[in-house]
Amino acid sequence: MVVATVLIIGASRGIGLETVKAALKAGHSVRALARSARRIPVDHPKLEKMAGDALEMATVKRALTGIDVVTQSLGVSAGPEVIFKPMQLFSKATRVLVTAMEEKAQVKRLICVTGFGAGDSRGHGGCLYNAAVHLLLGRIYDDKDVQERIVRRSKLDWVIVRPVILTDGPKTNAYRASVDPRDWKCGFISRADVADFLVKQIGDDAFLHKTPVLTS
C-alpha cells in the first residue's frame, strides 16, 4: 500500500471530516485545511490542522508544501441563498487549487468530489431526483459543472467522484463505483463510504481521469 501525505480541503465536516478519519486509519499523514480547522474533533500524531480559506491562493500554496495527494470535498450550508443566489464557491476554489497544484509540479494527484447530477451525469437520476436537483440545487450544480471542467482540463492526475444522496450512516463497504452511464441511478450512500473510496484512490490508478458515480 502507498503511504502518502494527504491534503484534505473541506476537512471540518461531512465527507471531508470522514476522509480525515479514513486516511489516518489507513496510515496516511493528513493536513486538514478548513476555516474552522481547529474545531475538527480528531486528534492524531499524523494529523496537522491548518486554518485557512480555500479561496486564497497563498494559503493553498502553503498548504500544498510537502503534499503527495489532494482530496477536495467542499460543501455549503443549506439555506435560501443556496437556491436563489448565484454560486461560485466550487469553481473558484477549484480554479485556485488547480492553478496552485500545476505551479507546484510535484503535487499531481487530485481526488475531487462533485455530485451525481454534475457534468455528463446530469439527467440520469430519474424524474424526482432530476427535478429536485434542478429546482433546489440548480445553481450549485451549474457551478459544479464548471468545477468539473476546470479539473478535466488540468494537467493533473485527477479523479472526479460523484456520490448520490448522502447519509450519515456507517461505513458499509457495500457501495459501487460505476463509470458506465447505463449503470447510473439515484440512491443513497454514507459519507463514510464516500471517504473510504476517496482514500482508496490515493494509491490506485483504476479511476484515473474518470468520473465514477458512487452508490450503495
_Every residue from region 12-60 that is free of Cβ contacts under 8 Å to residues at least 40 places away in the same chain, in a loop (DSSP other than H, G, I, E, B) and out of contact with any His (no Cβ under 8 Å at 6 or more places or on another chain)_ = Ser12, Gly27, Arg35, Ser36, Ile40, Pro41, Val42, Asp43, His44, Pro45, Gly52, Asp53
*All positions within region 171-185 that are in contact with a Phe, Trp or Tyr (Cβ under 8 Å, 6 or more places away or on another chain) and part of a loop (DSSP other than H, G, I, E, B)*: Tyr175, Val179, Trp184
*Within the set of pairs 6 or more residues apart or between chains, which connect a residue that is closer than 13 Å to Thr65 by Cα and among the small types (Gly, Ala, Ser) inside region 90-116 to a residue that is at pLDDT 95 or above and open to solvent by 10 Å² or more (accessible area, probe 1.4 Å) with Cβ atoms less than 7 Å apart?*
Ala100/Met57; Ala100/Lys61
*Do the conditions hold for Phe197, that is, is it more than 14 Å from the chain's Cα centre (by Cα), modelled with pLDDT of 95 or more and not charged (D, E, K, R)?*
no
*With Ile140, Ile202, Ile189, Ile160 as the choices, which residue is part of a loop (DSSP other than H, G, I, E, B), open to solvent by less than 60 Å² (accessible area, probe 1.4 Å), among the hydrophobic types (A, V, I, L, M, F, W, C) and touching a residue at least 12 places away in the same chain (Cβ under 8 Å)?*
Ile202
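The values are calculated or read from the model by the stated rules, or taken from the named source; none is laboratory data. What you are looking at is a predicted structure, and each value in this text was computed from that prediction instead of being measured. Because the Cβ atoms are built from the backbone with ideal geometry, glycine has one as well, and the counts that use them run over all protein chains shown. The area values use the complete protein model at the heavy-atom level, side chains included, leaving out ligands, DNA and RNA. Shrake-Rupley method; radii C 1.70, N 1.55, O 1.52, S 1.80 Å.
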